[in-house]
Amino acid sequence: MMTPLRIAVIIGSTREGRAGDRVTNWFTEQAARHDDLAVTVVDLTEYDFPASYPAEPTASIRAFVREVGRADAFVVVTPEYNHSFPAPLKQAIDYAYDEWQAKPVGFVSYGCRSTGRYAVDQLRTVFTALHAMTVREVVGIDLLGGEPTPQCTDELRRDASVLLDQLRWWGLALRDARAARPYVS
C-alpha cells in the first residue's frame, strides 16, 4: 500500500472575520473524499511570527518550517487584497526555503469579482523563485456569489477535483524523484 500524499492546506489570511476558514473547510471536505491524501490544515493565525525577520528563528518559525518540511504538496488558500496576496502569507513563505523545493503547490483563491486570480499570479512567481512547481488549475471563488457550501456548484466541485488530481500526480512524481535523487538548487 502506498503512503498517502501529505498535503498541507495553508490558510493565507490572518484577518479577523476572514472567509479563509470557511473556504478551507469546504476544500478539505473535497480532499477528504480521496483516501490516498493526508490533509493537514496550517493556519497562519496559530503562529506567533515576529514583526521583523529575526537573526535566529523563533519557536513559531521553526514549527511552521517543520510543517512545510513534512508536506509532500501544498494548497494555499488565499484571498485577494488590493490585487495581491496578504503580507502575512509572504512573511510565512519566506521563513521556509529548502522545504518548498521540488514540491507542488496548488491554489484556492477568493475575492470579489476577480476570484483571487491576481493573488495567484503573484504567488506563482514567488513559488517559482523557491523552486516549487505550481499546478495549472486553480479553484477561484467569487465571494459576491457567496461562499462555497456543501451544496455549491458542480463547477467548483469539479475545479477542486481537477486541482487535487494535478496535485496528486505532481506530488507523487516529485516525492519519488526526491527520494531517488535529492533536489539541488
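The values are calculated or read from the model by the stated rules, or taken from the named source; none is laboratory data. What you are looking at is a predicted structure, and each value in this text was computed from that prediction instead of being measured. Methodologically, a virtual Cβ is constructed for each residue, glycine included, from the backbone with ideal geometry; neighbour enumeration extends over all protein chains shown. Surface areas here come from the heavy atoms of the whole protein model, side chains and all, with no ligands, DNA or RNA. Shrake-Rupley method; radii C 1.70, N 1.55, O 1.52, S 1.80 Å.
Look at the Cα gyration tensor of the stretch 115-180: its axes a ≥ b ≥ c give a/c of at least 1.5 with a/b at or below b/c, and that counts as oblate.
Measure off, as a whole percent, the carbon and sulfur share of the 1.4 Å-probe accessible area of the stretch 25-75, all protein chains present. Solvent-exposed carbon and sulfur of the stretch 25-75 make up 47 percent of the total. Looking at the chain, the accessible area is 51 square angstrom per residue; that uses a 1.4 Å probe and ignores ligands, DNA and RNA.
Heavy-atom accessible area for Val126, with the other protein chains in place and a 1.4 Å probe, reaches approximately 30 Å². The largest accessible area among Arg157, Arg62 belongs to the first residue in Arg62, Arg157, and the rest follow in falling order (1.4 Å probe, all chains).
When the helices of the chain are scored as -39500 (n - 2.57) per DSSP H run of n ≥ 4 and the total is divided over every residue, the value at 222 nm lands at -13000 deg cm²/dmol. Protein-only accessible surface at a 1.4 angstrom probe places the residues His34, His131, His83 in the order His83, His131, His34, largest first. Is the shape of the stretch 45-102 best called rounded, prolate or oblate, per the rule: a/c under 1.5 gives rounded, else a/b larger than b/c gives prolate, else oblate, with a ≥ b ≥ c the square roots of the Cα gyration tensor eigenvalues? Cα axes put the stretch 45-102 in the oblate bin.
Sorting Thr3, Thr28 by solvent-accessible area of protein heavy atoms yields Thr3, Thr28, largest first, with a 1.4 Å probe. For the stretch 1-46 and the stretch 101-167, compute the distance between their C-alpha centroids and round to whole Å. Between the Cα centres of the stretch 1-46 and the stretch 101-167 lies a distance of 13 Å. Counting only the Cα atoms, the stretch 99-147 fills a convex hull of 63 Å³ per residue. Could you calculate the FRET efficiency of Leu144 with Asp35 from 1/(1 + (r/R0)^6), where r is the beta carbon distance between them and R0 is 45 Å, rounded to 0.05? Approximately 0.80, to the nearest 0.05. Of all beta bridges that DSSP places with both ends in the chain, some 5 percent have antiparallel geometry.
Charged neighbours of Thr134, selected by a Cβ distance under 14 Å, balance to +2 (K, R count +1; D, E count -1). Rank Ala51, Ala71, Ala129 by mean-square fluctuation in a GNM of the chain with C-alpha springs under 10 angstrom and give only the top-ranked residue. Largest GNM mean-square fluctuation: Ala51. Shape summary of the stretch 1-159, radius of gyration then Dmax from alpha carbon positions: 15.1, 48 Å. Put a dot 7 Å past the Cα of Asp165, heading toward its Cβ, do the same for Thr45, and the two dots end up 3.4 nm apart.
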